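The values are calculated or read from the model by the stated rules, or taken from the named source; none is laboratory data. Worth saying up front: this structure is predicted, and the values here are computed from it rather than measured. When we count neighbours, we look across all protein chains shown, and the Cβ atoms used for this are built from the backbone with ideal geometry, even at glycine. SASA here: full protein model, heavy atoms, side chains in, ligands and nucleic acids out. Shrake-Rupley method; radii C 1.70, N 1.55, O 1.52, S 1.80 Å.
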Amino acid sequence: MSIAIKGARILSMDAENGARPFTADILIEDDRIAAIGPGLDLSSADTLIDGTDKLVMPGLVNSHMHSNEALYKGRYDNMPLEVWMLYAYPILGAPVLSPRLVYLRTALCAIESLKTGTTCVTDDVYESPYQTPDQLDALFQAYDDVGLRATISGHVVNRPFLDTIPFARDFVPADVQARADAGTPMAAEDWLAICKDALTRLHGRSGRLNFMLAPSAPQRCTVELMQAAMELAEAHDVPFHTHILETKVQAVTGQEFFGETLIAHMHRHGLLKKRTTIAHSIWVTDADIELIGEAGCSIVHNVISNQKLGAGVAPVRRLLNAGVNVALGSDGISTSDTTRMFPVMHAAGLIHNVQTPDTDFWLSAEDVIRAGTLGGARSACLGDQAGSLEPGKKADMLVIDLNTLPFTPLNDIANHVVYCEDGRSITHAIVNGEIMAENGQCLRVNEAELLAELREEMPAFMAAHEETEALNRAFEAAFWQVHRKANGRDVGVHRLGQEPAWT
């Protein structure tokens with residue numbers, strides 16, 4: 001199977017051209033880019049796409065997403081992370097979802113992603129109370145059916161919940177603590193067995209789907225589990241994906257639990273490596289940034305989700321200057337309320353401008369596109385396979401119509417991509433050398449039927465979830481107290497605005 005694109009403007013994001021477009025042809029053979037250049041012989045191609053007035057660019061990479069939140073999209077607002085988690089990741093009463101509902105939930109995210117320009121996702125999936133092999137199979141099947149490239153986890157927490165948040169036991173009533181402690185986290189050896197099985201059965205499926213190791217966070221997992229996860233990730237050359245320093249509460253967590261920052265804790269235990277991806281990295285110190293850069297880690301800038309949760313703004317320019325690979329993510333579908341990556345790029349291009357008048361700390365459109373493409377591929381250990389348009393790489397790309405409102409009048413194409421486009425101009429989404437979406441339609445699944453089936457499932461699911469929310473409301477007052485106490489601490493860095501708090 002071969003696809004040819006003739007005479008398009010190409011934004012390749014390779015080392016030579018970056019975000020400077022040039023005009024050329026592209027030849028795709030099987031799952032890879034065979035050639036890029038002017039005047040290619042395209043006569044033998046099975047499919048020919050006219051590139052006149054078209055832009056071809058790498059597909060966007062969503063480097064941190066939680067598809068398990070998709071059923072809560074649009075449900076929560078004005079809650080900081082630690083309060084919001086009580087409802088989106090409930091401690092008490094969470095029902096085990098059927099594999100079919102997991103499939104439908106995942107397909108919802110995959111369809112929206114593909115239609116709006118994302119060809120590759122890193123999906124860090126947590127199931128309450130923990131993931132079953134059948135649920136993991138359903139995740140892989142959904143991504144396989146829709147046609148995305150995906151790196152998928154079985155997210156794990158193996159410490160008691162109230163021991164993962166500072167001051168929780170100071171404020172949560174004793175009887176409520178007892179109810180929380182009655183739950184048993186998944187044993188490390190059981191989780192590792194599931195991961196080994198997934199690496200054997202599912203990793204590499206269809207040439208697009210991979211598995212990764214994703215211990216939740218250093219305060220939520222034992223050192224022994226995290227080190228075992230790293231050993232397994234290294235043995236199979238897959239990402240080690242975790243969450244660090246999303247909120248000021250977590251900055252206090254390092255001081256309270258370990259007497260050092262969470263990044264220093266990771267470093268001390270040998271967990272900062274090139275394959276380590278850190279979601280968020282907001283409340284990092286200069287010393288933390290140096291450690292992350294020296295190790296060659298990746299961080300994922302989840303700018304929209306971090307705004308909605310009031311978490312703060314990651315010091316992205318400082319991280320880039322230290323040699324950190326920066327990627328972009330939507331994060332949870334109920335904290336960004338979307339999987340769409342063009343809005344994430346837009347927000348990432350703007351938010352740093354209001355952090356400082358020093359323009360050296362602002363991001364250029366090229367910085368943002370690189371983070372949303374090649375930076376994301378590198379964070380998924382796919383930098384030699386995806387993220388830029390180069391011969392030999394996987395054929396993951398977007399064809400964009402330049403005769404649309406977002407590109408009229410046409411000035412700097414990179415600026416238009418970041419600040420004007422929203423996904424409406426995409427004519428083709430190509431993944432692994434196959435056209436997976438065309439003119440706003442997914443070609444491999446019946447979107448209307450899947451969405452109708454999901455809507456039919458929602459009343460019963462939501463009735464059960466409302467009961468779960470009611471059970472977990474018992475923790476809320478205490479967690480607001482944790483939020484206030486931790487945010488009153490001086491942790492040596494400031495990643496939030498200047499309005500006075502609780503005056």
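Descending by average beta-carbon neighbour count within 10 Å, the peptides 297-303, 409-415 line up as 297-303, 409-415, the highest first.
Taking the Cα centre of region 1-156 as origin and assigning +1 to Lys and Arg Cβ atoms and -1 to Asp and Glu Cβ atoms, the resulting dipole is close to 420 debye.
Pairing the Cα long axis of helix 99-115 with the longest principal axis of the chain, what angle in degrees results, from 0 to 90 and rounded to the nearest 10? Around 50 degrees separate the two axes. Estimated purely from DSSP H runs of n ≥ 4, each contributing -39500 (n - 2.57), the mean residue ellipticity at 222 nm for the chain is -11000 deg cm²/dmol once divided by its residues.
Sorting 471-479, 79-87, 439-447 by their mean Cβ neighbour count within 10 Å, with the most densely packed peptide first, gives 79-87, 471-479, 439-447. Packing, as the average of other Cβ atoms within 10 Å across residues, places the peptides 308-316, 226-234 in the order 308-316, 226-234, highest first.
Compared with the dominant Cα axis of the chain, that is its longest principal axis, helix 248-258 is turned about 60°. Largest first, the three principal axis extents of the alpha carbons in region 285-426 are 47, 37, 32 Å in whole numbers. Here the 3J(HN,Hα) profile of region 70-87, calculated from phi with Karplus coefficients 6.51, -1.76 and 1.60 at θ = phi - 60°, is 4, 6, 10, 3, x, 9, 10, 7, 6, 10, x, 3, 5, 7, 4, 4, 4, 9 Hz, Gly and Pro shown as x.
For the pair Glu224 and Arg444 in one chain, pulling the backbone fully straight at 0.36 nm per residue adds 75.0 nm over the alpha carbon distance.
Under the simplified labelling scheme, the Leu232-Arg32 pair shows an inter-label distance of 3.1 nm, with each label point 7 Å from Cα along Cα→Cβ. Spacing of the modelled spin labels on Glu467 and Asp170, each 7 Å from Cα toward Cβ, amounts to 3.6 nm.
Taking only the alpha carbons of the chain, we obtain Rg and Dmax values of 22.2, 75 Å in that order.
Distance from the C-alpha centroid of region 124-165 to that of region 296-343: 20 Å, rounded to the whole angstrom. Per-residue Karplus couplings for region 171-183, computed as 6.51 cos²θ - 1.76 cosθ + 1.60 with θ equal to phi - 60°, are listed in order as 10, 6, x, 4, 5, 6, 4, 4, 5, 5, 6, 5, x Hz, Gly and Pro entered as x. Pairs exceeding a 25 Å alpha-carbon distance, out of Lys6/Lys115; Lys196/Lys274; Lys273/Lys485; Lys274/Lys308; Lys54/Lys115; Lys274/Lys485: Lys273/Lys485; Lys274/Lys308; Lys274/Lys485. Stretched out straight at 0.36 nm per residue, the stretch from Leu162 to Asn321 would grow longer than its current Cα-Cα span by 53.6 nm. Potential lengthening of the chain between Arg268 and Thr408 amounts to 45.2 nm, from the contour at 0.36 nm per residue minus the alpha-carbon distance.
Region 392-462 and region 196-219 have Cα centres spaced 26 Å apart. Share of carbon and sulfur in the accessible area of region 141-247 stands at 50%, probe radius 1.4 Å. For region 86-117, the residues whose backbone nitrogen is under 15 Å from a point 7 Å from the Cα of Arg455, taken along Cα to Cβ, are 108. Across region 217-234, coupling constants 3J(HN,Hα) worked out from phi with the 6.51/-1.76/1.60 Karplus curve, θ = phi - 60°, read 5, x, 8, 9, 10, 6, 4, 4, 5, 5, 5, 5, 5, 4, 4, 5, 4, 5 Hz, and Gly and Pro carry x. Which whole-angstrom value gives the distance between the alpha carbon centres of region 58-96 and region 1-48? If we compute the Cα centre of each part, the gap is 38 Å.
Taken about its Cα centre, the chain carries a charge dipole of roughly 580 debye when the Cβ of each Lys and Arg holds +1 and the Cβ of each Asp and Glu holds -1.
Considering only alpha-carbon pairs that sit under 8 angstrom and 6 or more positions apart, the relative contact order computed for the chain is 22 percent.
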